[in-house]
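Each remark here refers to the structure printed beneath this line.
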There are 2 protein chains.
Amino acid sequence: MEKIIKGNCLEELKNIDSEIVDLIYLDPPFFTQKKHSLTTRDNRINYQFYDIWHSLNDYLFMMKKCLIECKRILKKTGNIFLHCDKSASHHLRVLLDQIFLPENFRSEIIWSYKRWSNSKKGLLNSHQTIYFYSKTYDFKFNTIYTDYSPTTNVDQIWQLREKNDYGKSVYKKDKNGNIILAQEKKGVPLSDVWEIPFLNPKAKERVGYPTQKPVLLLQQIINISTDEGDLVLDAFCGSGTTCVAAKSLHRNFIGIDISEDAIALTQKRLNEMIITNSKLLEKGKTSYIEKSEDELFLLKSINAIPVQRNNGIDGFLKRQFNEKPIPVRIQKKDETLENAIASINNSEQAKKSDLKIVIQTNNYHQLFPLEDEKIIVIKSSELLIKEELQKVNMMVYNKSN
Amino acid sequence: MEKIIKGNCLEELKNIDSEIVDLIYLDPPFFTQKKHSLTTRDNRINYQFYDIWHSLNDYLFMMKKCLIECKRILKKTGNIFLHCDKSASHHLRVLLDQIFLPENFRSEIIWSYKRWSNSKKGLLNSHQTIYFYSKTYDFKFNTIYTDYSPTTNVDQIWQLREKNDYGKSVYKKDKNGNIILAQEKKGVPLSDVWEIPFLNPKAKERVGYPTQKPVLLLQQIINISTDEGDLVLDAFCGSGTTCVAAKSLHRNFIGIDISEDAIALTQKRLNEMIITNSKLLEKGKTSYIEKSEDELFLLKSINAIPVQRNNGIDGFLKRQFNEKPIPVRIQKKDETLENAIASINNSEQAKKSDLKIVIQTNNYHQLFPLEDEKIIVIKSSELLIKEELQKVNMMVYNKSN
DNA sequence: TGGAATAGTGAATCTCATC
DNA sequence: GGATGAGATTCACTATTCC
């Protein structure tokens, strides 16, 4: 079943039979008290909706009525996910406790992401909350396993453990004192903090609808709480992300939205089914990091900001010279000092600076006298220490002769 | 001021003058309805406390009274951080809204960590929430800057941009078509999701107290919301992490706890922060909780192992000389080089070494020629750069005359 | 006075030139 | 031509300026 309904969510929910839905995902207005508006990239359609309410009670009253209907249509094994942000999350969870009861609270999922924004006085917001409740204790759940953390001790994965007399966890041993191997391990169960990249402004998946969520987020929710063929419902479907995710995972779905534009957009997306894989998730954050730990410490020790993705520059100082940035280049292990200097000079960005710094890290290659006023060469502290130690060793050697 | 008070938090708070505290951190029982108990590694002390309540209302009534007192003692520029977990966070935030008002809500901080799995049905719980409210709009806040994301390229942070006629953002150019460089950049402001490792069960820092929080977490809170000399209060101080963090950052503090054991433990931890030189080596890799970040980076950049602050030594090189350790001393901000050298020479531990290293970090005091063969003085990279920049500035000045 | 325009942001993508 | 990498681009941001 694929159903997209234009209409008021409260009224439309009333038309749905009881106990037939496996998963409800709700992404209602967050009570931001703002008008949200965004235009498609071709400037042809301006999507907007008003998240402005007379009072908090108005908002909560609407949400309460909606949640009551949701509970009714949910199967006994069904789950509900309510997406909110800091604006009203606490009030919404109080509602959820009222309607679904505290014992059916399953998780507070944190969707965390990095975002572009100007600095403000205070901390940069970079997460939203998704409350996960089930209708009963007997809820459907598929455990997803993720990779072990790199710091995990392999011994702990392979060996069975038990609690000793003091309640401490120790490796279990048989009568002969041999360790006992554990059963098959699948990885670490998925945690309740989900680092999923925010839908990037440049992503093809973006359709120009404000508050659009990444398909990946919805796929994860659908994966843990439903099986193929199950019925998914989104009562505020907006740009239709839930429907797209459900379709891609072969689930049945019902999408409801009050806006004509939203319904049209959802239909269009279902026909095109454009889902961009996050390159960042695919390749992993670490694949973008080109600097070694040593280089990072060195940069930090001179109060420089590290930059990746640039051949000539490793970072730049926090202070400026002539109101221009001061780029820094660290001599690489097998690089001559000349090459290091050439490298920073070739960098398109560094060319615009009046002063550049090269940090020398080894002495394998002698440097001919430097003419360029715009380049400062500094020996790294480690190199200086190495040189001094050599001097002292020489003295010790000479004396003992 | 350093004050550790044994007593009921409500009563003790009442004895504190109004509007004198800069930062309150509260880590109350979370309403888990459980008894928490943990034993020290040597099995000698069993710490425990009861987080069992007659009803949610009982719990909230206690917290409400506590928060009202907190508001009273907080300065007009003061901040409060309330640490909670999923058990009652929503109710606590409703309380905070009531007492501190919604407009003084600053952030919902997510402390996320990796944890051992006890595979249950559902998502692995791996975060806690810290609510950040201020007393007024005019609150104290120090922005901390973090590194740019590895996916960020230099070009855009380096170049000034403007909106063109179509409202698109493009690089700004001068009359000659050259790009214009941007202002000074400090990095990315700290976000509200903090990934700080949960106390590793084997960590030295761990003292055997249940619900113990990492010092790093508290240091971050103290850093963003107070300056040196400010007054920090923790009304449920437990194992005393807040006090340790406050002391390490040179803040005054008051810690309150009802448990005799907790008070004793806090005192013990505070006392151990002053560690005798003789204990230094046997401890080996001691925790470096009191080192400033700058010193840490400097030590790391020369491949040295940081040691806890003592009068003479900041760290040891990983390599040895004459089969003896090489201690390192970093010249402090307001310290003459002579004093730095005297300091390391006076250190009991350093006396056993054949070679010592002093890293000079400023030029305020001239150094007379050094006779001592056993001391190597190295200028820090930052100082070297500073000197070079001064030279260049002089040249620019002379030329223009 | 207070909403609207605007100017400054940086994450992560897309694009396009280069190998 | 596929892979690579540098550069440009866009926005559920935020603070300031502008009427």
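The values are calculated or read from the model by the stated rules, or taken from the named source; none is laboratory data. Every value quoted in this text rests on a predicted model; they were computed, and no experiment measured them. As a convention, Cβ positions derive from the backbone with ideal geometry for all residues, glycine included, and neighbour counts pool all protein chains shown. Surface accessibility is based on the protein's heavy atoms, side chains included, excluding ligands, DNA and RNA. Shrake-Rupley method; radii C 1.70, N 1.55, O 1.52, S 1.80 Å.
Pairs are defined by a Cβ separation below 6 Å, a sequence spacing of at least 6 or placement on different chains, a first member in region A:376-397 that is more than 7 Å from chain B (Cβ to nearest Cβ) and in a helix (DSSP H, G or I), and a second member that is open to solvent by less than 80 Å² (accessible area, probe 1.4 Å) and hydroxyl-bearing (Ser, Thr, Tyr); the pairs so defined are A:383/A:361.
For region B:181-205, what are the residues that are at pLDDT below 80, open to solvent by 30 Å² or more (accessible area, probe 1.4 Å) and within 13 Å of chain A (Cβ to nearest Cβ)? Residues satisfying the conditions are B:183, B:198, B:200, B:201, B:202. When the residues of region B:143-173 are filtered to those that are within 6 Å of DNA strand C (Cβ to nearest atom) and in a loop (DSSP other than H, G, I, E, B), the one that is nearest to residue A:319 (Cα to Cα) is B:148.
Filtered by the rule that a residue be surrounded by 22 or more Cβ atoms within 10 Å (Cβ to Cβ) and of a type in the set (Phe, Trp, Tyr), region A:112-136 gives A:131, A:132, A:133. Could you run through region A:9-41 and say how many residues are more than 24 Å from the chain's Cα centre (by Cα), away from DNA strand C (no atom under 16 Å from the Cβ), surrounded by 13 or more Cβ atoms within 10 Å (Cβ to Cβ) and not charged (D, E, K, R)? Of the residues in region A:9-41, 6 are more than 24 Å from the chain's Cα centre (by Cα), away from DNA strand C (no atom under 16 Å from the Cβ), surrounded by 13 or more Cβ atoms within 10 Å (Cβ to Cβ) and not charged (D, E, K, R).
Okay, residues lined up against (1) in the same structural domain as residue A:246 (by TED's automatic domain parsing); (2) within 18 Å of residue A:261 (Cβ to Cβ); (3) among the hydrophobic types (A, V, I, L, M, F, W, C); (4) within 13 Å of DNA strand D (Cβ to nearest atom):
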{"residue": "A:23", "(1), (2), (3), (4)": "yes, no, yes, no"}
{"residue": "A:28", "(1), (2), (3), (4)": "yes, yes, no, yes"}
{"residue": "A:32", "(1), (2), (3), (4)": "yes, no, no, yes"}
{"residue": "A:36", "(1), (2), (3), (4)": "yes, yes, no, yes"}
{"residue": "A:47", "(1), (2), (3), (4)": "yes, yes, no, yes"}
{"residue": "A:54", "(1), (2), (3), (4)": "yes, no, no, no"}
{"residue": "A:57", "(1), (2), (3), (4)": "yes, no, no, no"}
{"residue": "A:61", "(1), (2), (3), (4)": "yes, no, yes, no"}
{"residue": "A:69", "(1), (2), (3), (4)": "yes, no, no, no"}
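When region B:226-253 is filtered for residues that are assigned to a loop (DSSP other than H, G, I, E, B), surrounded by 20 or more Cβ atoms within 10 Å (Cβ to Cβ) and out of contact with any helix residue (DSSP H, G or I) (no Cβ under 7 Å at 6 or more places or on another chain), the ones remaining, listed by number, are B:226, B:230. The strands (runs of 3 or more DSSP E) found wholly in region A:22-119 and carrying at least 1 residues that are under 30 Å from residue A:141 (Cα atoms) occupy A:74-84, A:105-112. The condition (being more than 9 Å from chain A (Cβ to nearest Cβ) and crowded, with 17+ Cβ neighbours inside 10 Å) is satisfied by just one residue among B:86, B:65, B:75: B:75.
Would it be correct to say that residue A:233 is under 23 Å from residue A:106 (Cα atoms) and within 13 Å of DNA strand D (Cβ to nearest atom)? Spell out the reasoning first.
Details: under 23 Å from residue A:106 (Cα atoms): yes; within 13 Å of DNA strand D (Cβ to nearest atom): no.
When the stated conditions are applied, residue A:233 does not pass them.
Being open to solvent by less than 10 Å² (accessible area, probe 1.4 Å) and of a type in the set (Phe, Trp, Tyr) is a property that does not hold for residue B:53. When residue B:131 is tested against (1) away from DNA strand C (no atom under 16 Å from the Cβ); (2) assigned to a loop (DSSP other than H, G, I, E, B); (3) within 19 Å of the chain's Cα centre (by Cα), just one condition goes unmet, and that condition is (2). Condition first: open to solvent by 40 Å² or more (accessible area, probe 1.4 Å) and facing chain A (nearest Cβ under 8 Å). Can you find one or more residues in region B:156-177 that meet it? Scanning region B:156-177, I find no residue that is open to solvent by 40 Å² or more (accessible area, probe 1.4 Å) and facing chain A (nearest Cβ under 8 Å), so the answer is no.
Filtering region A:97-146 to residues that are without any contact (Cβ under 8 Å) to a residue 12 or more places away in the chain and among the polar types (S, T, N, Q) leaves A:117, A:118, A:119.
Could you tell me which residue of region A:278-300 is surrounded by the fewest Cβ atoms within 10 Å (Cβ to Cβ), considering only residues that are polar (S, T, N, Q) and without any contact (Cβ under 8 Å) to a residue 60 or more places away in the chain? Explain how you work it out, then say what you get.
Of region A:278-300, the ones polar (S, T, N, Q) are A:278, A:286-287, A:292.
Still in the running and without any contact (Cβ under 8 Å) to a residue 60 or more places away in the chain: A:286-287, A:292.
Values: A:286: 8, A:287: 11, A:292: 12.
By that ranking, first place goes to A:286.
Among the residues of this structure, residue B:61 counts as one that is without any contact (Cβ under 8 Å) to a residue 12 or more places away in the chain and of a type in the set (Phe, Trp, Tyr). Checked against (1) surrounded by fewer than 23 Cβ atoms within 10 Å (Cβ to Cβ); (2) at the interface with chain B (Cβ under 10 Å from one of its Cβ atoms), residue A:335 passes all but condition (2).
Selection over region A:184-227 of residues that are within 14 Å of DNA strand D (Cβ to nearest atom) and of a type in the set (S, T, N, Q) gives a count of 3.
If you take the residues of region B:254-275 that are in contact with a helix residue (DSSP H, G or I) (Cβ under 9 Å, 6 or more places away or on another chain) and among the hydrophobic types (A, V, I, L, M, F, W, C), which of them is nearest to residue B:7 (Cα to Cα)? Step by step, filter region B:254-275, then rank; the result is B:258.
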